[in-house]
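Undergrad: Would you mind keeping the following structure in view while I ask a few things?
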Amino acid sequence: VAFHVVLPAARYRGGPPKRQFFDDLLTRMRALPAFSRVTAVSALPMSPLGVQFDLSFSIDGLEATSPSERPRAAYRGVMPGYFEAMAIPVRDGRTFTEFDGRDDGQRVAIVNETLARRYFGSTSPVNRLVKMPMAGDLTIIGVVADVKHGGLQSQAVPEVFVPYERLALSQMQVIVVTSVSVADASSAAKSALASVDPSLPFGKISRMEDLVSASIAQPRFNMLLIIGLAL
């Protein structure tokens, strides 16, 4: 289950207040017995909400002859535990820890399989250096399985995942893994949000099951129509 959080620019200017807010929110939510995992991502797969954009970047040792030939990838800001909560397998290397991305920690990134194949071929990208807009020089520490962000009918695209500490955005999708009902999960999340900032509205609740189902709604309808006509 995920809910959308939008921080107003008037009260959350710059990176430090945003980082502090999400650190506080996730810490409080992880202490609640209703949730077995709590994390956040800037753009949830198959959801129209969140911050989604793709940018060009450079790979150390790979020179582009023109700006148009520079590698491009979808850019995602994530909190620790995202890949574990979403059950996204790690193909090479490791995932983020709470120390990655901080000023006194490693400046790192994780890429998906499509990016690794497209720009590194059969060579492992782990420990290679990339330069990302807004995040600076980052060392690749892992490769994760592809996710069809646009829906089950879409193709996977190159993706770069950066710790939220290096990419502090105003919008995030907070994800919880829970065995309680959506209503109970929503109530617990609302209380945690109110304890951090009572003035913030509670965002839209999304179940991953519903997002996956919605992504194939049109193909399902088309198939039912064809079956009906055939009958």
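The values are calculated or read from the model by the stated rules, or taken from the named source; none is laboratory data. Everything quoted here is computed from the prediction, not taken from an experiment. Don't worry about glycine lacking a Cβ; one is built from the backbone with ideal geometry, like all the others, and counts go over all protein chains shown. Surface areas here come from the heavy atoms of the whole protein model, side chains and all, with no ligands, DNA or RNA. Shrake-Rupley method; radii C 1.70, N 1.55, O 1.52, S 1.80 Å.
Undergrad: What about T114, is it polar (S, T, N, Q) and in a strand (DSSP E or B)?
TA: Details: polar (S, T, N, Q): yes; in a strand (DSSP E or B): no.
In short, no.
Undergrad: Please work out which one of (1) open to solvent by 40 Å² or more (accessible area, probe 1.4 Å); (2) touching a residue at least 40 places away in the same chain (Cβ under 8 Å) is the condition S42 fails and give its number.
TA: In the conditions (1) open to solvent by 40 Å² or more (accessible area, probe 1.4 Å); (2) touching a residue at least 40 places away in the same chain (Cβ under 8 Å), S42 misses (1) alone.
Undergrad: Among the residues of the range 113-128, is any basic (K, R), touching a residue at least 12 places away in the same chain (Cβ under 8 Å) and surrounded by fewer than 19 Cβ atoms within 10 Å (Cβ to Cβ)? Before you say what the answer is, go through the steps one by one.
TA: Applying the first criterion (basic (K, R)) to the range 113-128 yields 117-118, 128.
So of that shortlist, the ones also touching a residue at least 12 places away in the same chain (Cβ under 8 Å) come out as 118, 128.
Still in the list and also surrounded by fewer than 19 Cβ atoms within 10 Å (Cβ to Cβ): 118.
Yes.
Undergrad: Right, next: Which condition from (1) surrounded by 15 or more Cβ atoms within 10 Å (Cβ to Cβ); (2) modelled with pLDDT of 90 or more; (3) closer than 26 Å to S199 by Cα is the one that V1 breaks?
TA: (2)
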